[in-house]
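Please treat every number below as a calculation from the coordinates, not as lab data. Please read all numbers here as calculations on a predicted model, not as lab measurements. Every residue, glycine among them, receives a Cβ derived from its backbone with ideal geometry; neighbour counts consider all protein chains shown.
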Amino acid sequence: MDGSNLASDVVIAELVSMGFEISEARKAIKEVGPSLNNAIDFILSGCTKVSSRKGALPDTGAQSVRGMRQSSIMDHLQSSKKPASPVSIPYSNEDWEVRANMLLQKHFGYPLLKRFQREALGAWIAQKDCLVLAATGSGKSLCFQIPALLTGKVVVVISPLISLMHDQCLKLAKHGVSACFLGSGQIDQSVQQKAMRGMYEIIYVCPETILRLIKPFESLAEQRGIALFAIDEVHCVSKWGHDFRPDYRRLSALRENFNAKKLPFLEFDIPIMALTATATIRVREDIITSLHMSEDPMIVLTSFFRPNLRFSVKHSRTCSSSYEKDFRDLIDAYSKNTSQKYSKKTNLPLENMSVGTSSRDDICNWEERASESEEDDEDITLPKRRKLSVEYLEDESDLLIDVDDFDVTCGEFDGRTSTKDLDVCEGKTEGLTIIYVPTRKETLSIAKYLCRCGVKAAAYHAKLPKSQLRQVHKEFHENALQVVVATIAFGMGIDKLNVRRIIHYGWPQSLEAYYQEAGRAGRDGKLADCVLFANLSRMPSLLPNRRSEEQTRQAYKMLSDCFRYAMRTSRCRAQMLVQYFGEDFSDDSCHLCDVCVKGPPEQQNLKDEARILMQMIAAHYDKRSYMESSYDDDDYNHNIRMEKPNVKMFVCRIQEQNQQLETTDLLWWRGLVRILEDKGFLREGDDKAHVQIKYPEPTKLGLEFAFAETEMVQSFNVWPEADMLLSKSRPKSYSSFVEWGKGWADPEIRKRRLSRNRPWKQPRRTNKQTVRGRLAAKLSK
């Protein structure tokens with residue numbers, strides 16, 4: 001989209017949809033004209049002219065830059081290695097490991113293969129399909145890169161994002177391995193022709209493209225040979241996973257088309273190697289079935305436990321009013337080195353940082369611009385597609401739909417520098433930080449706040465122009481940034497060693513997504529923090545998306561698992577995460593997470609409260625069953641069945657009938673309901689899925705507990721959940737209006753109540769042109 005051809009009101013509407021304030025958009029249009037890219041540059045650079053900025057991309061945007069970068073990598077790849085001729089497999093069962101270690105040392109600098117890499121390559125040698133589950137940063141990519149070097153044949157890698165393929169091609173080129181990518185982001189039409197002639201050792205391709213190029217790949221298999229099909233991020237295959245993509249589901253076509261029965265020139269079926277960092281047992285089974293892998297594929301597992309990651313959960317309202325409290329430690333950590341430049345090799349001075357990395361003095365007064373009159377907004381005509389609909393709501397969060405949604409390169413394809421050559425931040429203990437938020441608007445809001453506090457921060461979400469996203473990637477990889485505030489659009493393919501913090505500011509949608517994003521910290525093996533800020537007083541909700549009924553139920557199940565992870569106060573967080581993926585956690589604790597360091601809270605005997613709640617629920621269902629059997633009227637029975645009280649209704653009844661429990665709020669009782677569910681005393685009485693029980697129904701075990709003799713139930717000792725502790729830490733509510741009214745007799749309480757700040761009550765503006773206004777002005781003197 002060429003911003004120079006857009007009318008001013010449409011440009012403003014686009015800026016508003018990206019999350020910018022309308023006052024900022026108006027000012028930018030006034031200064032730089034109706035150009036979308038220049039307007040974004042103007043706003044993110046702190047309201048300074050962008051024409052003089054070094055390194056600013058022209059408004060024609062990504063096309064010319066992409067062409068330049070692609071041509072440079074193609075020149076480098078063609079000179080790095082000559083295409084191999086079709087050869088037979090140059091190894092035997094005895095010496096393949098020796099050859100693999102030699103190639104590993106020669107091209108990548110590692111002396112020996114890891115155990116899981118040997119197991120994966122051993123399965124490939126045995127012509128078996130293989131599913132590899134290895135932690136983020138453990139070296140999964142070597143499992144499919146080594147076969148290309150061993151055999152001289154081509155390895156085809158299916159990857160979900162073009163940014164991933166760009167990054168992998170860059171790294172392989174620096175290691176002397178020829179590679180290319182095919183997909184909608186490939187602007188050089190000759191690359192596909194060269195790839196089909198066998199000029200590259202590794203071909204990266206998106207799922208849509210490989211399904212379209214089945215016939216050319218069959219010819220490639222006959223002429224040069226295909227050693228392996230590798231499917232990266234294979235959890236996208238499963239509808240039970242956290243990132244399901246329909247195009248991945250169709251990759252079963254690889255087994256159907258590349259087998260020895262269909263292609264007579266093949267001696268055996270071309271092996272399939274599927275790789276991911278996160279997959280539950282159910283997801284693994286779905287992957288194997290969906291891809292039509294061999295009957296007995298090898299499953300290679302590494303430990304999901306990362307001993308250098310320190311997990312913690314903190315309560316926060318996760319809104320602008322809590323920024324100061326939540327990010328105080330982060331700001332203090334970086335403020336120690338505010339006078340230092342954060343990159344020795346990039347030589348980018350602080351005042352020239354772009355894309356939201358302006359220094360404190362360069363930040364405009366955001367509050368003044370945001371408080372302009374709302375009446376001015378009525379002049380803006382929003383495009384018709386911005387109606388309040390499901391599509392609009394989905395636009396507020398980044399959803400990975402298309403393979404080229406995030407066509408972003410990680411650095412230049414010139415082969416002159418590598419990750420290991422870059423210096424880490426001068427403040428080595430601070431390192432870099434990634435803050436993940438659910439919506440696009442929050443990325444801008446938090447980035448602005450951090451910039452005002454002197455932190456070098458930038459926002460990143462899929463709605464921003466690709467030129468801006470490239471700039472953020474570049475500065476992040478050159479250590480010119482300290483913090484990136486991003487949606488899920490940022491992170492795949494990141495190979496930064498010095499990320500010291502991963503902060504999730506808001507509820508993740510699943511533990512799979514949370515652990516995969518948290519795994520981007522501490523890839524150098526040093527201590528790193530993974531902090532989840534969540535509003536523990538409110539249950540999380542699903543981000544809008546198009547889901548079937550079955551997928552919605554599964555999404556709620558994954559969200560519920562994430563919710564329970566945050567609420568647990570008695571179990572090691574690393575242990576919970578590792579066991580969630582089906583691994584036995586050998587140690588008692590990680591000795592790092594907040595639960596291990598602080599220890600679990602003191603156990604409480606909640607026998608009386610639990611029995612009262614269970615008896616209340618059981619009494620309701622006994623009464624309902626009696627009423628259903630006493631009346632023959634079908635309509636009446638239908639109405640009886642429709643009356644399903646939720647947790648709140650039961651709590652209200654308990655508070656009415658038990659004076660000693662009047663001050664115990666709903667939040668505390670929700671925690672108790674969750675404990676009773678875990679004990680097997682309660683189940684969900686509704687057909688729909690929920691984050692936790694909404695309509696409690698007693699089980700047989702629960703009825704036995706409720707109506708057992710008092711002497712039979714000695715105690716009910718449990719560790720209180722996080723929301724129960726939060727409820728107890730709140731100021732006690734008054735049991736009656738009379739009790740609240742007694743406080744006015746106390747001078748201190750009366751003074752505190754009268755002086756309480758009410759920010760939502762804005763002072764009324766006086767209009768001195770009216771009689772009322774003139775009288776008010778006189779009385780106020």
Rounded, prolate or oblate (a/c below 1.5 giving rounded, otherwise prolate when a/b exceeds b/c) for segment 677-726 by Cα gyration tensor: oblate
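Tell me, Val313, Val713 in order of fewest to most beta-carbon neighbours within 10 Å?
Ascending number of Cβ neighbours within 10 Å: Val713, Val313.
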GluC sites (Glu not before Pro) lying in DSSP loop within segment 475-536, provided at most 10 other Cβ fall within 10 Å: none
Segment 657-732-segment 506-534 distance, computed between alpha-carbon centres (Å): 31 Å
Approximate spin-label separation Asp588-Thr552, in nm, with each point projected 7 Å along Cα-to-Cβ: 4.6 nm
Gain in span if fully extended, Glu256 to Gln714, counting 0.36 nm per residue against the direct Cα distance: 158.6 nm
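Using 1/(1 + (r/R0)^6) with R0 = 56 angstrom and r between the beta carbons of Glu697 and Lys325, what's the FRET efficiency to the nearest 0.05?
0.90
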Rounded, prolate or oblate (a/c below 1.5 giving rounded, otherwise prolate when a/b exceeds b/c) for segment 516-584 by Cα gyration tensor: prolate
Estimated distance in nm for a label pair at Ser335 and Glu222, the labels positioned 7 Å out from Cα along Cα-to-Cβ: 7.0 nm
Listed peptides 111-117, 545-551, 431-437 by packing density, highest first (mean Cβ within 10 Å): 431-437, 111-117, 545-551
Cβ-derived FRET efficiency at R0 22 Å, Lys106 paired with Asp188, nearest 0.05: 0.15
Percentage relative contact order, segment 140-266, counting C-alpha pairs under 8 Å, at least six apart: 29 percent
Chain lengthening between Lys644 and Glu267 when straightened (0.36 nm per residue, less Cα-Cα): 129.4 nm
For Tyr204, distant residues with modelled amide H under 5 Å away: Val157, Cys180, Phe181, Leu182
Per-pair calculated FRET efficiency, R0 = 41 Å: Asp9 and Ala776 via Cβ, rounded to 0.05: 0.60
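Going by the alpha-carbon gyration tensor, a ≥ b ≥ c the square roots of its eigenvalues, is segment 75-301 rounded (a/c under 1.5) or, if a/c is not under 1.5, prolate (a/b greater than b/c) versus oblate?
Numbers: a/c = 1.25, a/b = 1.11, b/c = 1.13.
It comes out rounded by the Cα gyration axes.
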